[in-house]
Every structure is written in structure tokens, then in C-alpha cells.
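Chemist: Here's a structure for you.
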Ligand SMILES: [Zn+2]
């Protein structure tokens, strides 16, 4: 890597910081970009800037949105008393495809993972508590992943939500243990949501 030009080295280093991309993949991407026409590179660069300028995390639920409040939070047709808690925006997309949830969402922006230094304060948990109190939420559905981090997060949330007197449910089993929601097929995910059970 040391033999490349300074600019190439810098781009490789920056790309290698992206999740899931190590130095070798970063190098492959850079050489791919060098080979394709300039138009593609220009569009890609401009798109990166535009996405960053025009995408927000919804002020209410932290779902990725093109406006300050996302289309789900703005939708008066949704049940305002039920909140489904997920780890990431992509989980909302998976759950919305099932059509099984008519309430609101709350994105934690991650899951508890002490080994990676992610504790309750790194997640959007305080915001969730505020929403539950202010909006008199009736039910909280915990739809975190069924891997260790997701289960740990669900148990933690149960502990702090119980004193609030809100009903807490967990999406039913059927999502393979250890897997992410986004990879579950629609039917399984929809059923897991409909057949949710009280979490205690
Ligand atoms: Zn929202």
C-alpha cells in the first residue's frame, strides 16, 4: 500500500474506516473507481454529499428520514399508543413490509454490547422513556434482534419499563435464534409480531 500515491493512500485509509470494509477491500474499491469513467466517480461523490445533507434521524423515533419528523410519526392513521422498539432503521423497513404493525416505532441506534463499549447511554433509551411518559403509551413491543446483544437489550428495557406501568411484549420466537430481523422472511416476521407475548 505504501507504493501508491498519497491521494490513493488517503482514500484507501478513509474507505477502510467504513463498517465491514478492511484495507484489502478498500484497495479493491479504489482501483475499481480508478478504472471506471469519471462520471461514475463524480456521481458517487455527489450522492454521498447529498445523502448526508438531506437525510436526518427523525426527532421523535430516530428512523432515517428526509424530514425532521419521519412519515411514520406524521401518519395520523397509526396507533399512537403502541411503540415497537428496534435496533436500526433497517429493521423498520423489514417490519413495515409485513404490514403487521400499525403503531409507531423507536430506533435505539444499536444494541447493548458491553464488550464494544456500548452501554445504555450510547442508545436512545432516555428518549424512549420520555415518549412513553409524554404520550401515555399503552404497549411497548420489543423487536430487538434475537442474538445475545438483542436479548440483553430486551431484558434491560424490560427492567426499566416495568415500573412505568406500560405493557411490555416481545416478538414471538420463530425468528431463528442468533439472527437479525432484516434477514427473516416477511411471513415469519409478520407472524412473530402478531403472536407477540407478554415479556416478563
Ligand atoms: Zn419518526
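The values are calculated or read from the model by the stated rules, or taken from the named source; none is laboratory data. Keep in mind that what you see is a predicted model, and the values were worked out from it rather than measured. Cβ sites come from the backbone with ideal geometry, for glycine too, and all protein chains shown count toward neighbours.
Chemist: Within region 105-113, is even one residue assigned by TED's automatic domain parsing to the domain that holds residue 160, in contact (Cβ under 8 Å) with a residue 60 or more places away in the chain and surrounded by 14 or more Cβ atoms within 10 Å (Cβ to Cβ)? Working first, answer last.
Modeler: First pass over region 105-113, keeping only residues assigned by TED's automatic domain parsing to the domain that holds residue 160: 105-113.
Adding the requirement that they be in contact (Cβ under 8 Å) with a residue 60 or more places away in the chain leaves none.
Looking for residues that are assigned by TED's automatic domain parsing to the domain that holds residue 160, in contact (Cβ under 8 Å) with a residue 60 or more places away in the chain and surrounded by 14 or more Cβ atoms within 10 Å (Cβ to Cβ), one finds none in region 105-113, hence no.
Chemist: Working carefully through the options 151, 122, 87, find the one that is under 15 Å from the mean Cα position of the chain (by Cα), surrounded by 14 or more Cβ atoms within 10 Å (Cβ to Cβ), assigned by TED's automatic domain parsing to the domain that holds residue 182 and free of Cβ contacts under 8 Å to residues at least 24 places away in the same chain. Spell out the reasoning first.
Modeler: Working: 151 fails: under 15 Å from the mean Cα position of the chain (by Cα); 87 fails: free of Cβ contacts under 8 Å to residues at least 24 places away in the same chain.
Among 151, 122, 87, only 122 is under 15 Å from the mean Cα position of the chain (by Cα), surrounded by 14 or more Cβ atoms within 10 Å (Cβ to Cβ), assigned by TED's automatic domain parsing to the domain that holds residue 182 and free of Cβ contacts under 8 Å to residues at least 24 places away in the same chain.
Chemist: Taking region 90-111 as the region of interest, how many residues are part of a loop (DSSP other than H, G, I, E, B), out of contact with any strand residue (DSSP E or B) (no Cβ under 6 Å at 6 or more places or on another chain) and either within 12 Å of the ligand (Cβ to nearest atom) or under 14 Å from residue 150 (Cβ atoms) (or both)?
Modeler: Number of matching residues: 3.
Chemist: Shifting gears a bit: Which members of region 125-148 meet the condition of being under 16 Å from the mean Cα position of the chain (by Cα) and more than 16 Å from residue 199 (Cα to Cα)?
Modeler: First pass over region 125-148, keeping only residues under 16 Å from the mean Cα position of the chain (by Cα): 125, 127-128, 141-147.
Listed by number, the residues that qualify are 125, 127, 128, 147.
Chemist: Please go through region 40-61 and give me each residue that is touching a helix residue (DSSP H, G or I) at 6+ places or on another chain (Cβ under 7 Å) and either in a strand (DSSP E or B) or within 13 Å of the ligand (Cβ to nearest atom) (or both), ordered by number. Outline the logic, then answer.
Modeler: We begin by selecting, within region 40-61, every residue touching a helix residue (DSSP H, G or I) at 6+ places or on another chain (Cβ under 7 Å); these are 41, 58, 60-61.
Listed by number, the residues that qualify are 58, 60, 61.
Chemist: Return yes when residue 29 is surrounded by 13 or more Cβ atoms within 10 Å (Cβ to Cβ), without any contact (Cβ under 8 Å) to a residue 24 or more places away in the chain and part of a loop (DSSP other than H, G, I, E, B) and no when it is not. Don't jump to the end; show me each part of the working.
Modeler: Numbers: surrounded by 13 or more Cβ atoms within 10 Å (Cβ to Cβ): yes; without any contact (Cβ under 8 Å) to a residue 24 or more places away in the chain: yes; part of a loop (DSSP other than H, G, I, E, B): no.
No, not satisfied.
Chemist: Let me ask something additional. Between a residue in region 48-70 that is within 12 Å of residue 89 (Cβ to Cβ) and any residue that is more than 7 Å from the ligand (Cβ to nearest atom) and in a helix (DSSP H, G or I), which pairs come within a Cβ distance under 6 Å, given they are 6 or more apart or on different chains?
Modeler: As it stands, the answer is 63/89; 63/92; 64/89, since those pairs meet every condition given.
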